[in-house]
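Here's the structure we're looking at; comments come further down.
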Amino acid sequence: MQKDALIRRVRIWIALFVVGLVLSGATAFPLGIESRWLDRFLHGTAWPIASHLPWAVSWIDQVSAGLTATYARYPFVAYGTDWLAFAHLMIAVAFYGPYRDPVRNIWVIQFGLIACLGVIPLALICGPLRYIPAWWTPIDISFGVFGAIPLLVVYRLIKRIESIGVAAGS
């Protein structure tokens, strides 16, 4: 595969990853509203399906009630998720470097892979400390696993681009 085609593939995979980061970040801003919508959906339109998952519905009910009560009494707590959202958006911006020049900025991809790996111990340690149900932990871990997939593809493609450059003497 030619260098230009490899770079095009790298950019597509990076764009996919960035879209995921931006969506994850953007959805952290209206967390209270989203949890209320999900709660209503589970008790309304989705009830035929949700009735088979009472443990999940119960958890969503608890999360929605907790966020609603907390935000009503202590709205400044939501500022923490605002910063979470901001961090996602700023990390997404960092991926412009490897989008522009993949070989020179491979370190950003390596950083992303390390961050994805870090999701696993965070979920396994902090989940129980915060009384997150054990069945939710694999969902949290999946963000790191599914985030790592496009980054691993990008990493391997960049290594191929590097080898083409070395072979060509550039």
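Rundown of residues vs (1) in a helix (DSSP H, G or I); (2) small (Gly, Ala, Ser); (3) touching a helix residue (DSSP H, G or I) at 6+ places or on another chain (Cβ under 9 Å); (4) without any contact (Cβ under 8 Å) to a residue 60 or more places away in the chain, yes/no style:
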residue: Ala15; (1), (2), (3), (4): yes, yes, yes, no
residue: Ser24; (1), (2), (3), (4): yes, yes, yes, no
residue: Phe29; (1), (2), (3), (4): no, no, yes, yes
residue: Ile49; (1), (2), (3), (4): yes, no, yes, yes
residue: Ser58; (1), (2), (3), (4): yes, yes, no, yes
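So which residues in region 4-33 are surrounded by 15 or more Cβ atoms within 10 Å (Cβ to Cβ) and of a type in the set (D, E, K, R)?
Hits for region 4-33 are Arg9, Arg11.
Taking region 60-88, which residues are more than 21 Å from the chain's Cα centre (by Cα), aromatic (Phe, Trp, Tyr) and either part of a helix (DSSP H, G or I) or on the phi > 0 side of the Ramachandran plot (or both)?
Tyr71, Phe76, listed by residue number.
Listed residues Trp59, Trp55, Trp47; which is open to solvent by less than 70 Å² (accessible area, probe 1.4 Å) and over 27 Å from Gly112 (Cα atoms)?
Numbers: Trp55 fails: open to solvent by less than 70 Å² (accessible area, probe 1.4 Å); Trp47 fails: open to solvent by less than 70 Å² (accessible area, probe 1.4 Å).
From the options Trp59, Trp55, Trp47, the qualifying one is Trp59.
Here's the yes/no breakdown for (1) buried (at least 18 other Cβ atoms within 10 Å of the Cβ); (2) part of a helix (DSSP H, G or I):
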| site | (1), (2) |
| --- | --- |
| Met90 | no, yes |
| Tyr99 | yes, yes |
| Ile120 | no, yes |
| Pro128 | no, yes |
| Ile132 | no, no |
| Pro138 | no, yes |
| Val145 | no, yes |
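Of all the residues that make up region 155-170, how many are open to solvent by less than 60 Å² (accessible area, probe 1.4 Å), out of contact with any Pro (no Cβ under 7 Å at 6 or more places or on another chain) and of a type in the set (Val, Ile, Thr)?
1
Are any residues in region 109-149 within 20 Å of Gly66 (Cα to Cα) and in contact (Cβ under 8 Å) with a residue 24 or more places away in the chain, and if so, which ones?
Pro133, Trp135, Trp136
The values are calculated or read from the model by the stated rules, or taken from the named source; none is laboratory data. Computed from a predicted model, the values in this text were never measured in an experiment. Please note: Cβ atoms are built from the backbone with ideal geometry, for glycine as well, and neighbour counts cover all protein chains shown. Protein only, heavy atoms only, side chains kept; ligands, DNA and RNA dropped before computing areas. Shrake-Rupley method; radii C 1.70, N 1.55, O 1.52, S 1.80 Å.
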